[in-house]
Every structure is written in C-alpha cells, then in structure tokens.
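Step one of this worksheet: look at the structure below.
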Amino acid sequence: MPVLHNRISNEELKQRMLAETEPRTTVSFYKYFNVAEPQQFRDQLWLAFEPLNVFGRIYLAEEGINGQISVPESNYEAFRDALYAAHPDLDGIRMNIAVDDDGKSFWVLKIKVRNKVVADGIDDPAFDPAKKGQYLKAKEYNDLAEDPNTVIVDMRNHYEYEVGHFENAIEVPSDTFRDQLPMAVDMLKDQKDKNIIMYCTGGIRCEKASAYMLHNGFKNVFHVEGGIIEYTRKAKEQGLPVKFIGKNFVFDDRLGERITDDVIAECHTCGKPCDDHTNCKNDGCHLLFIQCEECAEKLEGCCTEACVEEKNLPKEEQRKLRAGRENGTMIFNKSKDHPLRKHRDQWRKERGEQ
C-alpha cells in the first residue's frame with residue numbers, strides 16, 4: 001500500500017509551489033450525501049488527486065464532502081472529471097472558482113475524515129441536511145432581495161461579516177456555526193411568514209442552515225447557490241449589479257478577496273478605515289485581527305505592544321512563556337469581544353474619538 005499522505009516538509013513544498021510557472025486554479029466544492037466508508041473514500045480520493053498535483057484541504061464525513069483546493073490549469077479538467085467519477089452523488093457537483101486569486105494559497109494536499117464536514121451541534125436524528133431550502137442564482141437573489149418581505153441572513157462569523165456582506169444583511173452575532181443555528185431560529189421566530197435568504201462564503205454553511213430553518217418550521221427559506229463566491233462570479237459575468245459590498249473573507253493565505261472597492265471595516269488598533277486581516281506575528285498569540293499598514297509597521301505586525309516585546313525576546317524565553325499557556329480568550333480569538341478590540345475602544349475613548 002503506498003503512503004497516502006505527505007512525507008515532505010511544508011517549507012520545501014511551499015518553495016516548490018512558489019517556483020511553479022504554470023498558473024493554478026483555486027476551486028471550492030461541497031455536497032451533502034451519504035458516505036458509507038469515509039476513510040476508504042478518503043484514500044480513493046488521495047490516489048486520484050495526488051498525481052494531478054492538487055493542493056488544498058478536503059474534509060470527509062458520513063454526511064458528505066467539503067473541499068478547497070488549487071490545481072494547475074492544465075490539470076483542472078482531469079481533476080474535475082476524477083471528482084465527478086469518484087461517487088455517483090458527486091457527478092456534476094458545482095465547482096466554485098475563486099474570484100480574485102493567483103492559485104498560490106496551498107502547497108500540500110490534506111484529506112481528512114471528520115465527524116461532520118460542518119460542525120453544527122445538532123443531535124436530532126430527524127434532522128436531514130439534504131432537505132434544504134431553495135437555491136437562488138445571482139439574478140434570483142437580486143430580485144428577491146428587493147422584496148420588502150425578505151430577510152437576508154449572514155451565516156458567517158463576525159470577523160467575516162465585518163469586512164464585507166450583502167446589502168441589508170443581518171449578522172447572527174456568534175463565533176461558531178453551532179451557536180448561530182439556534183440563535184438564527186430565535187432571532188427570526190416572529191418572521192416565519194417572510195422570505196428568509198441565508199448565505200455564506202461558498203454555500204456549505206448556509207445550505208445546512210436553510211435545512212435547519214425548515215426543520216424548525218420556517219416555510220419560505222432560500223440560500224445563495226455557491227455562496228458569495230459563485231454569486232459574485234455569475235453577477236459579474238452576467239453584468240448584474242453586485243449586491244455584496246466590501247471584501248469576502250477566505251480561509252487561505254489571502255484572508256480575503258476583494259469584491260467591491262468599499263472598505264467597511266476599521267483597523268483594530270487605531271480605528272482607521274481598513275479591511276486587511278492578519279495574524280499577530282507573536283508566535284505565542286497569532287490572533288486574527290485587522291491592521292492598517294501604519295500600525296503594522298509601528299507594532300511590527302503584532303496586535304499589542306506586549307506582543308511586540310514577547311516577539312523580540314530570545315527564542316528560548318518565548319518558548320518558556322508559551323509553555324503551559326492555554327488558548328484562552330486572547331489566543332486565536334476572532335470574536336468582536338476579544339481584548340484587542342476592548343483595548344482599541346478604550347484607547348479611542350481616551351483620545352476623545354468615542
């Protein structure tokens with residue numbers, strides 16, 4: 001049996017990818033369907049994709065598949081055909097091609113088996129994610145969004161909504177999808193007679209959310225086919241007004257693809273208009289936050305002066321400080337309530353800006 005995972009260091013693989021001269025295509029895809037043997041199916045996909053030089057992340061579970069990959073342009077059709085042929089339910093699966101991308105976001109292929117492709121916290125055996133709301137293509141979305149009897153619901157996290165969202169969309173203020181689902185039901189419980197449009201980045205979360213709303217008694221539930229990525233591509237191809245404003249957050253090295261020139265967020269340090277996400281350069285933090293170029297230079301890419309000090313300590317001292325440190329509210333916290341924002345708000349208040 002061949003080795004069905006990478007055996008080369010990430011750094012070497014990244015350098016190989018960066019040295020490539022052929023353009024790559026970045027594609028995301030998902031499908032809810034029954035996968036009887038996820039581990040066996042995982043190995044099958046690895047054997048099909050690895051020779052095609054496919055990089056990226058693919059998650060499998062008994063409920064389906066979710067992937068975001070990049071592939072050399074000359075291998076795209078071979079990849080697509082291999083995916084279509086891998087399982088009858090994948091034949092013709094929609095492929096969401098990235099809007100603003102150079103294909104250099106991935107350098108290794110990772111295919112993992114999980115309990116669910118989207119963690120949802122749902123334990124009701126009667127819930128079926130395949131019983132979903134109605135798809136909306138770009139023009140259909142634009143038309144229904146104009147109806148005053150329509151509510152548009154963003155099913156992404158706060159840090160995604162913060163930099164870009166559809167016009168008039170409401171935020172479900174939670175940092176986890178499992179918390180958002182019951183929260184959305186509660187927020188909209190008095191609007192069950194309205195058209196409920198749900199959307200997310202590539203479609204996988206809002207499709208399950210639409211099924212959950214139907215499961216909880218909502219009748220007129222819709223979701224944007226292919227999410228923001230497919231909507232934007234189709235709207236631009238068809239010359240339609242683009243109703244999404246700002247930047248679409250993406251889960252790769254880009255951390256965002258620009259949809260419109262609108263900058264609707266602000267630097268978490270100084271409050272200047274900015275929508276560039278970054279991770280704190282302190283290895284003991286890596287907080288995801290928004291930072292302008294001026295603050296990035298001043299703070300050396302860190303979120304606070306304390307992190308600058310820690311980043312510049314000798315490596316051994318940094319390791320000692322990190323030892324035993326829990327990933328608490330500051331570490332990796334993407335919430336609108338994380339300490340950096342509180343620090344920023346207090347700083348602005350002291351300057352009389354609030």
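Karplus-derived 3J(HN,Hα) values for the stretch 288-302, using 6.51 cos²θ - 1.76 cosθ + 1.60 with θ = phi - 60°, are 7, 7, 9, 8, 7, 4, 5, 6, 4, 5, 5, 9, 6, x, 9 Hz; glycine and proline are entered as x. Rounded to the nearest angstrom and listed largest first, the equivalent-ellipsoid semi-axes of the stretch 40-85 from its Cα gyration tensor are 18, 11, 10.
The H on the amide N of His268, modeled in the peptide plane, is under 5 Å from the matching H of Ile290, Gln291, Cys292, each at least 5 residues off or on a different chain. Restricting attention to the chain, close to 60% of DSSP beta bridges with both partner residues there are antiparallel.
For the stretch 272-286, putting each phi into the Karplus relation 6.51 cos²θ - 1.76 cosθ + 1.60 with θ = phi - 60° gives couplings of 5, x, 6, 9, 9, 6, 8, 10, 3, 6, 6, 4, x, 10, 6 Hz, in residue order, rounded to whole numbers and with x for Gly and Pro. Against the empirical curve 2.2 N^0.38 Å, the C-alpha radius of gyration of the stretch 159-226 lands at a ratio of 1.04. For Leu109, the residues whose amide H sits under 5 Å from its own are Gly56, ignoring neighbours fewer than 5 places away on the same chain, with H placed 1.01 Å from N. By the count of other C-beta atoms within 10 Å, a proxy for reagent exposure, Cys303, Cys295 are ordered fewest to most as Cys295, Cys303. Mean residue ellipticity, 222 nm, helices only, the chain: the sum of -39500 (n - 2.57) across DSSP H runs of n ≥ 4, divided by residue count and rounded to 500, is -9500 deg cm²/dmol.
Residues His286, His223 in ascending order of nearby Cβ atoms (within 10 Å, fewest first): His286, His223.
Put simply, the C-alpha atoms of the stretch 10-113 give a gyration tensor, and the ellipsoid matching it has half-axes of 23, 15, 12 Å, longest first.
Summarising the label geometry, the points placed 7 Å from Cα in the beta-carbon direction at Tyr135 and Asp283 lie 4.6 nm from one another. Highest GNM mean-square fluctuation among Leu255, Leu321, Leu144, for the chain modelled with Cα contacts below 10 Å: Leu321. Averaged over residues, the count of other Cβ atoms within 10 Å places the peptides 256-269, 178-191 in the sequence 256-269, 178-191, highest first. Here the stretch 134-246 carries DSSP beta bridges of which approximately 20% are antiparallel, counting only pairs with both residues inside. Report the FRET efficiency, 1/(1 + (r/R0)^6), for Gln238 and Lys298, where r is their Cβ-Cβ distance and R0 is 45 Å, rounded to 0.05. For Gln238 and Lys298, the calculated efficiency is 0.55.
For the stretch 59-71, 3J(HN,Hα) computed residue by residue from phi via the Karplus equation (6.51, -1.76, 1.60; θ = phi - 60°) reads 10, 10, 7, 4, 8, x, 9, 8, x, 9, 9, 10, 9 Hz, glycine and proline entered as x.
Quick check on the exposure proxy: order Met95, Met198 from fewest to most C-beta atoms within 10 angstrom.
Going from sparsest to densest Cβ surroundings: Met95, Met198.
The Cα atoms of the chain define a convex hull whose projected area, averaged across directions, is 20.8 nm².
Would you mind getting me the FRET efficiency between Asp261 and Ile170? Use the beta-carbon distance for r and R0 = 25 Å, nearest 0.05.
0.60
Each reported figure results from applying straightforward, stated rules to the coordinates on display, with no laboratory input. As the structure is a computational prediction, the values presented were derived from the model and not from experiment. Neighbour counts run over all protein chains shown; Cβ positions are idealised from the backbone, glycine included.
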